[in-house]
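The values are calculated or read from the model by the stated rules, or taken from the named source; none is laboratory data. Source: prediction; values computed, not measured. Using ideal geometry, Cβ is built from the backbone for each residue, glycine included, and neighbour counts are taken over all protein chains shown.
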Amino acid sequence: MRNKGVLINRIQHMLVACVFATGILTISATSPNSENTQGEVFSVGNGPIGIAVMSGNTDTDLIYVTNFLGSNMSIVKVSGVSNATGITDISLVDTISGITGGRPYDIAISPNGDHIYGSQSLIEGAISVVYTPENTIYEISISGITEPFGIEISPDGNSLYVANNHNSTLSVIDISSVSGTNISGATAISSIDIGQGPVMVAVSPDGNFVYTTNFADNSLSIIPTADMLSGITIPVGGNPIGLVTSPDGNFIYVSNFFTNDVSIINAPMMSGTTPDMSGVTEFKRIPVSKGPYGIDVSPDGQYIYVANKEAKQISVIQVSVDSGVTDFVNIQNIKLDERPYFLAVSPTGNYIYTTNNYDDSISIVQAPF
């Protein structure tokens, strides 16, 4: 059995070694209730990190998990996700091998569900692609890919964005011609400079902007997708990792690992066909538990869930609107027995799934609201 106290490879070494000074907003902290709703724990591969979820049908979720140390991917089926009485079955559908020692990190599912793209954090010049109807894996050679971490797909399914941690760039890849097992058409379009040490990537719901959290310089990069040139970088909390947008695209949420909080940012807008960055600002930080890592939002946008690795908790931030003003309050901490890394919310909104890297497992937790 591997040493549970050993941090995984370079990203974990960087998380504890690269501590940078950052301005901290003054916020009155709340004391949310803690509730032990551990839920189910299910074993997967060795060192799970990345996670994505897709609906199998109205009552089933398919969970895709990258196993960092096992260099493979687990597929888990969870049944009963629409059942108010709870999960009826959890099973391992498949373990996909063939990731050639690249230490898989993040994954993104195409809008039609046919392909899953994965970053291989120790391999240069390549990404992995799984064709889901057959659960077969392929490798695409892409110039400019260097220690890729975060990966995301545009809403139209035509573009893939990859954060290159080593050289602090964002690769833009055309995947519009990828179809079935024919993946040879994926080609690099451009590579642009962003903040230092990018970790995760998100795309606005309308596809007009792409965002990256930059761990090494405590920043968030915001790039218009129309030209990929006129972007800006703004300061956030200490060592940002997790990244997600609100479903309506009005806000960007960032988990800050070192300062133990979540940045709430007004997102850029479009003025006709012109990107408008004038209103972009970090206007609030919400204190959470120790070591916030992954972050996701409920489908209705009313709750933000944060995986707090060091505290073994999931923080629940409620999003409410009163007289046109949106407020954010940390209302609950869900206790876990494992250290959660990244998380994903079921499309039904009823369950939260976390990867537990130290325990080679995922947790399946019923959403509290």
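Show the residue pairs meeting these rules: Cβ distance below 6 Å; 6+ apart or different chains; first residue within segment 130-143 and closer than 17 Å to A52 by Cβ and touching a residue at least 40 places away in the same chain (Cβ under 8 Å); second residue of a type in the set (S, T, N, Q) and in a loop (DSSP other than H, G, I, E, B).
Going by the 6 Å Cβ cut-off, the qualifying pairs are Y131/T181.
Please pick out the residue among G231, G249, G291, G324 that is more than 22 Å from D193 (Cβ to Cβ), surrounded by fewer than 24 Cβ atoms within 10 Å (Cβ to Cβ) and modelled with pLDDT under 95.
So the residue among G231, G249, G291, G324 that is more than 22 Å from D193 (Cβ to Cβ), surrounded by fewer than 24 Cβ atoms within 10 Å (Cβ to Cβ) and modelled with pLDDT under 95 is G324.
I want to confirm something. Restricting to segment 304-321 and keeping residues that are of a type outside the set (A, V, I, L, M, F, W, C) and assigned to a strand (DSSP E or B), which single residue is nearest to L243 (Cα to Cα)?
Y305
Would you check if I295 is assigned to a strand (DSSP E or B) and under 21 Å from I223 (Cα atoms)? It would help to see each step written out before you state the result.
Numbers: assigned to a strand (DSSP E or B): yes; under 21 Å from I223 (Cα atoms): yes.
Yes.
Working only within segment 335-354, note down all residues that are hydroxyl-bearing (S, T, Y) and in contact with an Asp or Glu (Cβ under 9 Å, 6 or more places away or on another chain).
Residues satisfying the conditions are S346, T348, Y351, Y353, T354.
Return only the number of the condition from (1) part of a strand (DSSP E or B); (2) without any contact (Cβ under 8 Å) to a residue 60 or more places away in the chain; (3) of a type in the set (A, V, I, L, M); (4) in contact with a Ser or Thr (Cβ under 7 Å, 6 or more places away or on another chain) that L243 does not satisfy.
Exception for L243: condition (2).
Only one of V325, V365 is aliphatic (A, V, I, L, M) and free of Cβ contacts under 8 Å to residues at least 12 places away in the same chain; which?
V325
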